[in-house]
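The values are calculated or read from the model by the stated rules, or taken from the named source; none is laboratory data. These numbers come from a predicted model, not from an experiment. Cβ: placed from backbone, ideal geometry, glycine included. Neighbour counts: every protein chain shown. We work out accessible area using only protein heavy atoms, side chains counted, and drop any ligands, DNA or RNA first. Shrake-Rupley method; radii C 1.70, N 1.55, O 1.52, S 1.80 Å.
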Amino acid sequence: MPCGGFPPGVSPGLRRNASRMPPTQISLPDESVILTLASPGFDAGYPQVLHKDLIPPPVLDVMEWAWRTPRFPERSVRVARLSDVWVAKEGLVFDRDGNLYRETITQHSGAEIEEAHAAVLAAMAGGPEHGGIGGGKGPVLLCKKRGVGNYGHWMMEMLPKAHFVHSRLPELDARFLVAQAPEHLNNAMAFSLSMLGIDLARTIVADDAPRRFADLLVVDGLSEHGGYMSPLVLEGVDAMARDTAPAGAERLFVTRRSTGFRRIVDEDALAAHAQALGYRLVDSAALSLPEQVALFKGASRIVGVMGAAMTNIAFAPSGARVINLAPAGMPDTFFWFIATLRGLDYTEVRCAQDGPVRGVMPWDTDLILSPDDRDIIFGD
């Protein structure tokens, strides 16, 4: 079958519907909800931001509304149980009629939604042999969302769903639908699930292709990337770290050497300066997840460039000082939410961007840090 095509036997009408019409969006039915829990409200303070003037106004506007929210009120977290549904792409869930549950849309573009819809309709038209209803015992919990290749998305937005259901609904004997990920992230996913006491034999690894499930669990309300993070997500973080002893390194400098982009200009000199002041150089890509947990669990001062590895500040003790070196043009509230919930002394140093884009996003450039900034960052 040609890439992007439809299997034989799909009617012209279905072809037109799949290729031209976005899916009808529906909400999770009230009768599908099997558990509702109140997520506590919490206060939030405006972050300390150095060189805020470097942030382009449209980027600042994206963050300001969250930064200027003094209190996030109590809200509900729900677990819904759905019958005979399809999962496609990065966690989009469709009912048997091809309608899309809007609660499963997480930063997906319109084109991605339409592509997933077309693939699901094609799979439906192909009959039961295309996709198949998931067998095995126990309902399947959706632990896939947009950003499946990102460590931070996994740790703070997908893994918490696994812990939420595993800890609160053990009688369901749930299985866990996770994304197919690159090897380094796959290892972290496996470690994190194991550290929560979840049997890896109960995981189902899926790519973007549509899959049909007879019994699917969906957790709604734990997070909205960039807009909200429930205090309940820290329950999973704490459960993971419970049996891990702190490594004993109080000061960490988190490098992105192995990543190859979004690095400080002359970072080697900056790292040497940090080490001379007693900071331990940390390249998370070279460490196992338990090793990362141990390091951050014992740290009282953490400096690093904004990126996936800094998600580990979630393991730091309350009151730890965190300096996040951020590209001027990077719109992000993710780490601020983590710091707020954990009670960290959090500062962002916005850096001028230099040179070509080396990653996939416009802020994946080199960053410029002045000597004055260096003294502020590492000063007491």
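So if each residue of separation counts as 0.36 nm, and I subtract the Cα-Cα distance between TRP67 and ASN99, what length gain in nm does that give?
Between TRP67 and ASN99, full extension yields 8.0 nm more.
Once you have a ≥ b ≥ c as the square roots of the Cα gyration tensor eigenvalues for region 160-229, tell me rounded if a/c is under 1.5, and otherwise prolate or oblate according to whether a/b is larger than b/c.
Taking the square roots of the gyration eigenvalues as a ≥ b ≥ c, region 160-229 is rounded.
Greater than 28 Å separation of Cα atoms is the criterion. Which listed pairs, LYS89/LYS161; LYS52/LYS161; LYS52/LYS145; LYS137/LYS297, meet it?
Listed pairs above 28 Å: LYS52/LYS161; LYS52/LYS145; LYS137/LYS297.
Over region 252-380, give the accessible area per residue in Å² for a 1.4 Å probe, as an integer.
Roughly 35 Å² per residue, with all protein chains present.
Just the number please: accessible area per residue for region 73-227, 1.4 Å probe, all protein chains included, in Å².
38
I'd like the carbon and sulfur percentage of the solvent accessible area for region 242-380, probe radius 1.4 Å, heavy atoms only, ligands and nucleic acids excluded.
Ligands and nucleic acids excluded, carbon and sulfur reach 51 percent.
If a/c stays under 1.5 just call it rounded; otherwise compare a/b with b/c (prolate if a/b is bigger, oblate if not). Do that for region 27-100, with a ≥ b ≥ c from the square roots of the Cα gyration tensor eigenvalues.
Taking the square roots of the gyration eigenvalues as a ≥ b ≥ c, region 27-100 is oblate.
For LEU200 and ASP283 in one chain, what is 0.36 nm times their gap in residues minus the Cα-Cα distance, to one decimal in nm?
Residue separation times 0.36 nm, minus the Cα-Cα distance, leaves 27.2 nm.
Using θ = phi - 60° and the Karplus form 6.51 cos²θ - 1.76 cosθ + 1.60, what ³J(HN,Hα) does each residue of region 256-262 get, whole Hz, x for Gly and Pro?
10, 3, 6, 6, x, 8, 6
Can you tell me how region 242-312 classifies by the Cα gyration tensor, rounded, prolate or oblate, using a/c under 1.5 as the rounded cut?
oblate
Over the chain, calculate the relative contact order: mean separation of alpha carbon pairs under 8 Å at least 6 apart, over the residue count, as a percent.
Once divided by the residue count of the chain, the mean separation gives 18 percent.
Using a 1.4 angstrom probe on the protein heavy atoms only, line up LYS144, LYS52 by accessible area, largest first.
Listed by decreasing accessible area, they come as LYS52, LYS144.
What figure in square angstrom, to the nearest 10, would you give for the accessible area of THR106 with a 1.4 Å probe?
For THR106, solvent-accessible area is about 30 Å².
Please work out the Cα center distance from region 311-380 to region 201-230, rounded to the nearest Å.
29
Calculate for the chain the 222 nm mean residue ellipticity that helices alone would give, adding -39,500 (n - 2.57) per DSSP H run of length 4 or more and normalising by residue count, nearest 500 deg cm²/dmol.
-8000 deg cm²/dmol
List the residues whose amide H sits under 5 Å from the amide H of ARG280, counting only those 5 or more places along or on another chain, with H placed 1.01 Å from N in the peptide plane.
Those qualifying (amide H under 5 Å, at least 5 residues apart or on another chain) are ARG251, LEU252, PHE253.
I want to check the label-to-label distance for ALA190 and GLU224. Put each point 7 Å from Cα in the C-beta direction and report it in nm to one decimal.
Reported label-point gap for ALA190 and GLU224 is 3.7 nm.
Only loop residues by DSSP count here, and only those with at most 14 other Cβ atoms within 10 Å; note down the GluC sites (Glu not before Pro) in region 39-90 that meet that.
Listed in order of number, the matching sites are GLU74.
Multiplying the sequence separation of ASP238 and ALA111 by 0.36 nm and subtracting their Cα-Cα distance, what value in nm do you get?
42.0 nm
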